[in-house]
Amino acid sequence: MSIVINLDVMMAKRKKGLTELAGEVDITLANLSILKNNKAKAVRLSTLNAICKALHCQPGDILEYVEDEEEREDAADKADGGDM
């Protein structure tokens, strides 16, 4: 399972730069950059709330679940009858 952070997409749609958004959300540029570049291991709900407020969007506009290739293959194997 992978959660993809599409912050860069929403920032582009809203025409907001990293520095501007960091100021509005009250987060360091370094930490916002980690989120934007999909390197974060976690995000606080208060931070997500502030980002959504600043970008006028929903959490689902920023966070996306993407199934790993291995998980897709496992699911396909189970649907075909598993390992017999």
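Taking 32 Å as the cut-off for C-alpha to C-alpha distance, list the pairs among K16/K41; K53/K78; K13/K78 that go past it.
Working: K16/K41 23 Å; K53/K78 42 Å; K13/K78 40 Å.
Checking Cα-Cα distances, K53/K78; K13/K78 exceed 32 Å.
Percentage of Cα-Cα pair distances in the stretch 1-74 greater than 19 Å, rounded to whole percent?
Working: 838 of 2701 pairs.
More than 19 Å apart: 31 percent of the Cα pairs in the stretch 1-74.
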Please find the FRET efficiency linking E24 to V66, where r is the Cβ-Cβ separation and R0 is fixed at 25 Å, and quote it to the nearest 0.05.
0.35
Could you work out the longest stretch of the chain that avoids the trypsin sites (Lys or Arg not before Pro) located in DSSP loops with at most 13 other Cβ atoms within 10 Å?
45-84
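With a 1.4 Å probe and every protein chain kept in, tell me what percent of the accessible surface of the chain is carbon plus sulfur. Show your work: numbers first, answer last.
Numbers: 3070 of 6050 Å².
Result for the chain: 51 percent of the exposed heavy-atom area is carbon or sulfur.
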Rg and Dmax of the stretch 3-42 over Cα atoms: what are they, in angstrom?
9.6, 26
Using amide H atoms built 1.01 Å from N in the peptide plane, name the residues 5+ places from L63, or on other chains, whose amide H lies under 5 Å from its own.
N6
Taking the full set of protein chains and a 1.4 angstrom probe, give the accessible area of V43 in square angstrom, rounded to the nearest 10.
50
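The values are calculated or read from the model by the stated rules, or taken from the named source; none is laboratory data. None of the values given here were measured: they were computed from a predicted structure. Ideal geometry is used to build each Cβ from the backbone, glycine not excepted, and the neighbour counts take in all protein chains shown. These accessible areas exclude ligands, DNA and RNA; they are computed on the full protein's heavy atoms, side chains included. Shrake-Rupley method; radii C 1.70, N 1.55, O 1.52, S 1.80 Å.
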